[in-house]
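Reading through the structure tokens given below for one structure.
No lab work stands behind these numbers, since they all come straight from the coordinates. Not measured: the values here are computed from a predicted model. Cβ atoms come from the backbone with ideal geometry, glycine included; neighbour counts cover every protein chain shown.
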Amino acid sequence: MLKQFLNLLILGSCIVASISACGKSSQEENKKTPVDYTISVPIAGNSWVINHTNLNSEMITENGVSNWNNKESVIRTWFWVERAGEIQLGVRAKNASGESKVMFSFNNENKEIKLSNSDFSKLAIGSFTVAKSGYYYVDVKGVEKSGTTFGTFTDILIGGEVTSKPVICVKDDFYWGRRGPSVHLAIRFLKM
């Protein structure tokens with residue numbers, strides 16, 4: 001009886017150990033799985049320097065953000081999400097002039113990333129939660145730099161559950177996206 005109990009105890013321990021090992025390897029595999037960014041929000045048509053508006057035309061061009069050397073400049077990029085859920089944010093960026101740290105803010109959460117790649121790369125910002133559909137924005141601000149600029153970036157990248165429904169932003173005609181719509185009112189006066 002004692003021998004059977006010990007055999008069952010050993011067998012149970014082996015089963016628990018093997019299940020635990022499988023769980024750990026799949027968790028580690030999930031952490032290493034790259035994010036599938038299916039939406040690209042072009043900086044050129046969806047971003048503004050919000051605290052130094054006179055720098056908009058100097059810093060934001062059809063090629064994205066460049067000439068970014070002022071630590072105080074905050075660049076805001078807008079988009080609309082139709083679905084609540086997890087949102088994975090990334091950025092297509094480079095820094096040919098050295099290394100920099102920049103802070104991205106989304107929904108009152110801050111994530112700092114390092115830019116040191118001399119060629120454009122997709123860099124993960126982080127995973128966040130969107131509570132409901134609506135307009136959202138990502139702010140980016142320079143923290144520190146070793147070169148002349150904080151870097152160049154062209155797109156905010158979006159993946160995750162929110163991409164199963166439309167994510168809306170200005171994709172091309174940046175002139176109209178940055179300018180906004182024209183409104184023409186026609187007023188008819190009643191004859192009395």
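Which of 149, 126, 170 sits farthest toward the positive end of the charge dipole of segment 39-174, with +1 on the Cβ of Lys and Arg and -1 on the Cβ of Asp and Glu?
The residue sitting farthest along the positive end of the dipole is 126.
Provide the packing ranking of 123-134, 85-96, i.e. peptides ordered by the mean count of other C-beta atoms within 10 Å per residue, highest first.
Highest mean packing first, the order is 85-96, 123-134.
Tell me, what ³J(HN,Hα) does each residue in segment 116-126 have, in order and in whole Hz, if you take phi through Karplus 6.51 cos²θ - 1.76 cosθ + 1.60 with θ = phi - 60° and put x for Gly and Pro?
Listing the rounded values in order: 9, 7, 7, 10, 4, 9, 8, 10, 6, 8, x Hz.
Using θ = phi - 60° and the Karplus form 6.51 cos²θ - 1.76 cosθ + 1.60, what ³J(HN,Hα) does each residue of segment 71-87 get, whole Hz, x for Gly and Pro?
Here the 3J(HN,Hα) series is 4, 7, 6, 10, 9, 10, 10, 9, 7, 10, 10, 8, 10, 7, x, 6, 10 Hz.
I need the Kirkwood Rh of segment 39-174: take the reciprocal of the average 1/r across all distinct C-alpha pairs and report it in angstrom.
Numbers: mean 1/r = 0.0675 Å⁻¹.
About 14.8 Å for segment 39-174.
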